[in-house]
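Everything on this sheet refers to the single structure shown next.
The values are calculated or read from the model by the stated rules, or taken from the named source; none is laboratory data. Being a predicted model, the structure only gives us computed values, none of them experimental. When we count neighbours, we look across all protein chains shown, and the Cβ atoms used for this are built from the backbone with ideal geometry, even at glycine. Only protein heavy atoms, including side chains, enter the accessible area calculation; ligands, DNA and RNA are left aside. Shrake-Rupley method; radii C 1.70, N 1.55, O 1.52, S 1.80 Å.
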Amino acid sequence: MARLSYLKALQRALADEMARDDSVCVLGEDIGVGVNNVTTGLLAKHGPARVVDTPLSEQAFTSFATGAALAGLRPVIEFQIPSLLFLVFEQIANQAHKFSLMTGGQAKVPVTYFVPGSGSRSGWAGQHSDHPYGLFAHVGVKTVVPATPEDAYGLFLTAIRDDDPVVLFAPAGALGVRGDVDLDALGPVPLGVGRVHRAGTDVTVVAVGHLVQAALGVAEQLADQFSVEVFDPRSLYPFDWDGLAASVAKTGRLVVVDDSNRMCGIAGEILATAAEQMRLTVPPKRVTRPDGAVLPFARELDLAVQPQQDQLLTAVQEVCKSSR
Amino acid sequence: MRERGDMDTGLYRTMRLIRRFEERAIELVHAGEIIGGIHPYIGQEAIAAGVCAALRDDDVITSTHRGHGHVLAKGADPVRMLAELTGRATGLNQGRGGSMHAADFGKGIYGANGIVGAGGAIATGAAWAAVKEGSDRVAVSFFGDGAVNQGVLLETFNLAALWRLPVLFVCENNGYATTLTVAQAVAGSITARAEAFGIPAVSVDGTDAVAVLTAARDAVARGRAGGGPSFLEATAYRFDAHHTWEHKARVRYRADEEVAAGRSRDPLDVLGVGLPEGVRAELDAQVEATLAEAVAFALDSPRPDPARALDHLYATGLRGRDGTGLLDTAVR
């Protein structure tokens, strides 16, 4: 077993895929130097033909990658800032994503878009702190949010190998997570398969990304009162509805914690699906960013609009105590 | 002279095919057989015909909302193209794309595109892929004068020039972005925008197919030889509406005199008058036969199965959840 950080896992996944498959190339801003520590060393190893430092032209290089993918390459694009995904929403949602259907299956667009440090990094304020994974799930772009080093490795690998566009969010709050992993056992993690990090019988907590750690913390805090199951969907689209149903069938109670805006967010979709299709014994709850949140700068304000472990603790307690 | 004769004949045949294809398609719009309408390419045929005559089958093009001419000139089967426009399962895109997304990847046609200026970066990325695999393929991006005000296209000029990629940008200046004139929309000159990035740019008469082909050959040769991108502005007049909805909406933004003057320089006549006696009539007859076959095939073709409306949404065959209850959600 070796100690592996989430960030190193991303770095390792990209390096391994580039070594394995010549059609994989990476584009992005300041990736030659590797300012986000994911592309570190790749330029020296593979050269500028496969590791392309791009001008600040996100819209052009995103569709440029689409064209390269249509012609047989497997581009990976790093976005330094999650909010840049708003700028290229046209290029991903309206171009790359639609080619397969619109061409009647003639074309495929295997591009991976990844954001190392999505969500809040404290102090980066309104235009650098969003978590728009729900937008991509909404339009049907494959969307993954790994929570652990081995899943960061495995989902990045899968995203690159997938024949469709995939967006990978690596939450800032997860980049520092470390785990003991068997490096030889690292491998692809399938899309649409969730993971139960901790089994329980009283309540299912669905946690997205870095909030898996908060959920595990709550489960531990409440261990002598309630048995909490922590379910990590890992990929939001496709979503492991069968896995969630199996968990809820056992617990009958559901709380979702999701670091994105409440209105039309992934937490709302999870609750709606559970209400439609699963047997909930008490009303479920969700802990999310508020409606329409724009992250304010000051630390107290920034923290006030992000779901925290304390609020999750309260929600879980309330759901567990409410009567059938 | 024989070579010149063959070239003229080929260009004329392509232009005539596009012209009559569009006219038949407009009839089918009015008959309700093509839903949603089309953006007729009539008047601009010499541009698609001339540029595509300089290309090989493995070269790539990206097209526009007014894309039928490019798709046909690059070699797509007009029969399956018309089946696509009429929403048939036998269409190029199995009825999933229609007029604005017609594509034939086997012919390097990366599709018409519904967003103005969107094809430029896609073509440039395909050109990059060609260079990486050691091929001398080139890519051509067609767009209109409206697209030169799209930021992403200007960003793309920079990437193409910076990385010396074999891409030809063809700006079809038909004078209007829907109803807005070039004078109302474009500051400076169109070619100067490309020149600002160091991209060689020329303007040609886009009603003269031979002139277009000559300019395109230069640009394509430069691209194949590693000389980087080129820019071609081809001016022509759009004879018909921006879109067939205008036939009903009766919006007026072009004076009758202007339209008459524009139509008086017909690209088919510019080339056609020079064809030997009888040749033009023979080519016209061939095109009529092809289109008669295309219309019959399209209208006789089966419509796609509604239960399979979202087939091909994912290249991997992933199936999302149904929402209407009408889909066959079994994984194929």
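Looking across segment B:121-138, the residues that are free of Cβ contacts under 8 Å to residues at least 24 places away in the same chain and either surrounded by fewer than 24 Cβ atoms within 10 Å (Cβ to Cβ) or outside the structural domain of B:S63 (by TED's automatic domain parsing) (or both) come down to B:K132, B:E133, B:G134. One residue alone among B:H70, B:H39 is assigned to a helix (DSSP H, G or I) and either more than 11 Å from every other protein chain (Cβ to nearest Cβ) or not β-branched (V, I, T) (or both), and that residue is B:H70.
Scanning segment A:88-130 for residues that are away from every other protein chain (no Cβ under 14 Å) and open to solvent by 10 Å² or more (accessible area, probe 1.4 Å) yields a count of 10. Scan segment B:232-242 and tell me whether some residue there is touching a residue at least 60 places away in the same chain (Cβ under 8 Å) and either within 14 Å of chain A (Cβ to nearest Cβ) or in contact with a Cys (Cβ under 6 Å, 6 or more places away or on another chain) (or both). The answer is yes, given that some residue of segment B:232-242 is touching a residue at least 60 places away in the same chain (Cβ under 8 Å) and either within 14 Å of chain A (Cβ to nearest Cβ) or in contact with a Cys (Cβ under 6 Å, 6 or more places away or on another chain) (or both). Among the residues of segment B:227-250, those that are farther than 30 Å from B:I199 by Cα and in a loop (DSSP other than H, G, I, E, B) comprise B:F239, B:D240, B:A241, B:H243, B:T244, B:W245, B:R250. Tell me, yes or no, whether segment A:139-151 has at least one residue that is of a type outside the set (S, T, Y), within 9 Å of the chain's Cα centre (by Cα) and within 14 Å of another protein chain (Cβ to nearest Cβ). There is at least one residue in segment A:139-151 that is of a type outside the set (S, T, Y), within 9 Å of the chain's Cα centre (by Cα) and within 14 Å of another protein chain (Cβ to nearest Cβ). The single residue among A:T314, A:T273, A:T281, A:T288 that is open to solvent by less than 10 Å² (accessible area, probe 1.4 Å) and either hydroxyl-bearing (S, T, Y) or not assigned by TED's automatic domain parsing to the domain that holds A:V212 (or both) turns out to be A:T273. Taking B:A48, is it in contact with a His (Cβ under 9 Å, 6 or more places away or on another chain) and closer than 22 Å to B:R280 by Cα? Taking the combined requirement at face value, the residue satisfies it.
Residue by residue, here is whether (1) more than 30 Å from A:K108 (Cβ to Cβ); (2) open to solvent by 40 Å² or more (accessible area, probe 1.4 Å); (3) within 14 Å of chain A (Cβ to nearest Cβ) holds:
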residue	(1), (2), (3)
B:L283	yes, no, no
B:V287	yes, no, no
B:D311	no, no, yes
B:D322	no, yes, yes
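Run down B:D104, B:D77 and say which single residue is within 12 Å of chain A (Cβ to nearest Cβ), without any contact (Cβ under 8 Å) to a residue 40 or more places away in the chain and not aromatic (F, W, Y). The conditions single out B:D104.
A residue that is within 11 Å of chain A (Cβ to nearest Cβ), closer than 20 Å to B:L310 by Cβ and in a helix (DSSP H, G or I) occurs somewhere in segment B:84-94. Among the residues of segment A:53-86, the one identified as more than 10 Å from chain B (Cβ to nearest Cβ), in contact with a helix residue (DSSP H, G or I) (Cβ under 6 Å, 6 or more places away or on another chain) and without any contact (Cβ under 8 Å) to a residue 40 or more places away in the chain is A:L84.
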